[in-house]
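Undergrad: Quick one: the structure is below, questions incoming.
The values are calculated or read from the model by the stated rules, or taken from the named source; none is laboratory data. Just so you know, these numbers come straight off a predicted model, no measurement behind them. Here the Cβ positions follow ideal geometry from the backbone for every residue, glycine too, while neighbour counts run over all protein chains shown.
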Amino acid sequence: MKKLLATIIKEAIRRKCKSPEDFEKLKKEISKRFKTATPRNADIKRFGLEEFQELHSRKEKAEPWKNFEKIIKSKKVRTFSGVAVVAVLTKPYPCRGKCLYCPTEAEIPKSYLSNEPAVMRAVSVKFNPYQQVQKRLRALEINGHDTSKIELIIMGGTFSDLPRKYQYWFVKECYRAANDYPTSRLGNSVSKLTKEQKRNEKAKHRIVGLTLETRPDTLDGKEIESYRELGCTRVEIGVQSIYDDVLEKNRRGHSVEQTVKATKLLKDAGFKVSYHLMPGLWGSNFKKDIEMFQIIFSDSRFQPDLVKIYPCVVTQNSVLYNLWKKKKYKPLTNQQTEKLIIAIKKIIPPYVRISRLIRDIPDTSIVAGPNISNLRQIIQNKGINCQCIRCREVRGSYTNQEKITLRKIDYDASDGKEIFLEYCSPDHKKLYSMLRLRITSSFRRPTSKKNKRLSFGISERTAIIREVHTYGKLVPIGAREKKSPQHAGLGKKLIKRAEQIAKEEFGCQKIAVIAGIGVREYYRKLGYRLQDTYMVKKL
Ligand code: SF4
Ligand SMILES: [Zn+2]
């Protein structure tokens, strides 16, 4: 490994690598020569700083080193998905779950570990949401990222189990932090959530998506309505397993049926649904785990839009630790995990995004279980062709001359019809832009006054756009760049096509979009009007 890192650094300096893209190419080329996975920039940098002390302290060598540092310091990948990701944590609070594998540390939100980077950042500001957001924006900007479009992710365990007042305050403070940035107005603010949201519609740093994480059994109509009020657009649910016996054995405290119901409720209300899945649980086995993924991507009761795969690991502060000590539980091995992930990659549909392959738990905290952190690279180097969204997202490599085709994929999901539209290369391997349109079939006009808000004045058949995303380098709002497909009108074209499909194929008279607060202006320009918490247009 040391030899590999040293060779990469020396070659990058010798060849006068100019851009992160050049550096990526060089990394791949040298790693291939060494027949090993491509190392992460962070590791290269750390190694370089330690081993090349004299190199970058000697005056005549300082310049090339500085240039090299500039290239590797930015984790460009973060803004290649089109938005700047800002992850914040809520304060520690009891969760209704009693999951065997859940690490429980004092003063740390359940299921998190004190040495995880996001946790350390949150602890340093005592979980203050305002400071967390502003600190993150600053750090991203220092690394050369544009932060005008923010995907805010609120972590910290089961969001729905937090007191309502705290939830609203926390989210309001996140909007306020983005609105004020780069100015900082810390301290007690009396402003209201709706006011800060309104401000954010036209702010310089707009929150274009808000993700919350929760358990499937916490979701009902009322909860969903509250999520909408907060401006939430994506929900990550802790599904973990689709076998009731496994859920029970691990004391998850909810059933598969509850996952199915939550999935439908969320999709019908337009949310993007992300599943957290945990292969290797006590009571499961390799065969059962593979079967689980086959079912999830073929059974219309599931069909999530995104998945995070967190193979079960044993950590010190969990009940599972005792079971493992008594030799009652055996986690997956690294080899099994690799095999499992390869199998999943072969069956994943093109409309699903694998956002995480393995949780970023620091190696030192894993007592037993898979601990390979560069799994993605290992698999990439094996030449496995994954057709998931993430593997196809165009990054920095787009030129205006590239051929783009429109592909439409229809599938059934949670009693509705999903229409997935994408602009991609003719071989479907490069993804430029995508849209999720849902036609709900069994959604009746709710009778209760509260639930009525979710109906957008439409009964029976609702056409709802759940996601529009254009990939490539983040382009600031209102700007254009030759190398990025953002703002090249692909999103608009997809929306037009979705409107056509809703009207002509399904006879819908209205279409709704679950738009993040920061994207409302964009839809207004396309003729949409705010109705309750959705952007709606007559067809
Ligand atoms: S639901 Fe999540 S946070 Fe709650 S106990 Fe289970 S794993 Fe931990
Ligand atoms: Zn993939």
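Undergrad: Look at LEU306 and say whether it is surrounded by 19 or more Cβ atoms within 10 Å (Cβ to Cβ) and within 17 Å of ARG252 (Cα to Cα). Talk me through it step by step, then tell me what you get.
TA: Details: surrounded by 19 or more Cβ atoms within 10 Å (Cβ to Cβ): yes; within 17 Å of ARG252 (Cα to Cα): no.
So LEU306 fails the test.
For (1) farther than 23 Å from ARG251 by Cβ; (2) assigned by TED's automatic domain parsing to the domain that holds THR183; (3) in a helix (DSSP H, G or I), each residue gets a yes or a no:
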| position | (1), (2), (3) |
| --- | --- |
| PRO92 | no, yes, no |
| PRO103 | no, yes, no |
| ALA139 | yes, yes, yes |
| ASP146 | yes, yes, no |
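Undergrad: So, one more: Determine whether THR218 is closer than 30 Å to GLN316 by Cβ and either in contact with a helix residue (DSSP H, G or I) (Cβ under 8 Å, 6 or more places away or on another chain) or among the acidic types (Asp, Glu) (or both). Outline the logic, then answer.
TA: Numbers: closer than 30 Å to GLN316 by Cβ: yes; either in contact with a helix residue (DSSP H, G or I) (Cβ under 8 Å, 6 or more places away or on another chain) or among the acidic types (Asp, Glu) (or both): yes.
So THR218 passes the test.
Undergrad: With respect to LYS135, determine if the residue is under 20 Å from PRO182 (Cα atoms) and either among the basic types (Lys, Arg) or assigned to a helix (DSSP H, G or I) (or both). Let's see the steps before the verdict.
TA: Values: under 20 Å from PRO182 (Cα atoms): yes; either among the basic types (Lys, Arg) or assigned to a helix (DSSP H, G or I) (or both): yes.
Criteria met by LYS135.
Undergrad: Return only the number of the condition from (1) modelled with pLDDT under 95; (2) more than 22 Å from the chain's Cα centre (by Cα); (3) surrounded by 21 or more Cβ atoms within 10 Å (Cβ to Cβ); (4) not in a loop (DSSP other than H, G, I, E, B) that HIS469 does not satisfy.
TA: So HIS469 meets the others, but not (2).
Undergrad: Can you name every one of the strands (runs of 3 or more DSSP E) wholly within segment 343-450 that holds 3 or more residues which are at pLDDT 90 or above, within 27 Å of GLU24 (Cβ to Cβ) and within 20 Å of the chain's Cα centre (by Cα)? Working first, answer last.
TA: Numbers: elements: 353-356, 366-368, 405-413, 416-424, 431-440.
Correct list: 353-356, 431-440.
Undergrad: Please find, among VAL119, VAL123, the residue that is among the hydrophobic types (A, V, I, L, M, F, W, C) and within 15 Å of ligand 1 (Cβ to nearest atom). Even if it seems obvious, please write down each step before you answer.
TA: On the way: VAL123 fails: within 15 Å of ligand 1 (Cβ to nearest atom).
Of VAL119, VAL123, the one residue that is among the hydrophobic types (A, V, I, L, M, F, W, C) and within 15 Å of ligand 1 (Cβ to nearest atom) is VAL119.
Undergrad: Among helices (runs of 4 or more DSSP H) lying entirely in segment 177-258, which contain 2 or more residues that are closer than 19 Å to GLN132 by Cα? Write out each step before concluding.
TA: Values: elements: 193-201, 221-230, 244-249.
Once the helices (runs of 4 or more DSSP H) in segment 177-258 are filtered for at least 2 residues that are closer than 19 Å to GLN132 by Cα, what remains is 193-201.
Undergrad: Would you tally the residues in segment 511-539 being within 23 Å of GLY209 (Cα to Cα) and in a strand (DSSP E or B)? Don't jump to the end; show me each part of the working.
TA: The first filter runs over segment 511-539 and keeps only residues within 23 Å of GLY209 (Cα to Cα), leaving 511-537.
Next, from what is left, pick out any that are in a strand (DSSP E or B): 511-513, 529-531, 534-537.
Of the residues in that region, 10 qualify.
Undergrad: In segment 117-150, which residue that is charged (D, E, K, R) and buried (at least 20 other Cβ atoms within 10 Å of the Cβ) is farthest from CYS174 (Cα to Cα)? Spell out how you get there, then give the answer.
TA: Quick first cut of segment 117-150, residues charged (D, E, K, R) only: 121, 126, 135-136, 138, 141, 146, 149.
Narrowing further to those that are buried (at least 20 other Cβ atoms within 10 Å of the Cβ): 136, 149.
On the way: ARG136: 11, LYS149: 14 Å.
So, considering only residues that are charged (D, E, K, R) and buried (at least 20 other Cβ atoms within 10 Å of the Cβ), the one farthest from CYS174 (Cα to Cα) is LYS149.
Undergrad: Residue under question is LYS222, and the condition is that it be more than 22 Å from LYS91 (Cα to Cα) and at pLDDT below 95; does it hold?
TA: Numbers: more than 22 Å from LYS91 (Cα to Cα): yes; at pLDDT below 95: yes.
Yes, satisfied.
Undergrad: Give just the number: which of (1) without any contact (Cβ under 8 Å) to a residue 60 or more places away in the chain; (2) surrounded by fewer than 22 Cβ atoms within 10 Å (Cβ to Cβ) does ASP161 not satisfy?
TA: Checking ASP161 against (1) without any contact (Cβ under 8 Å) to a residue 60 or more places away in the chain; (2) surrounded by fewer than 22 Cβ atoms within 10 Å (Cβ to Cβ), the one that fails is (1).
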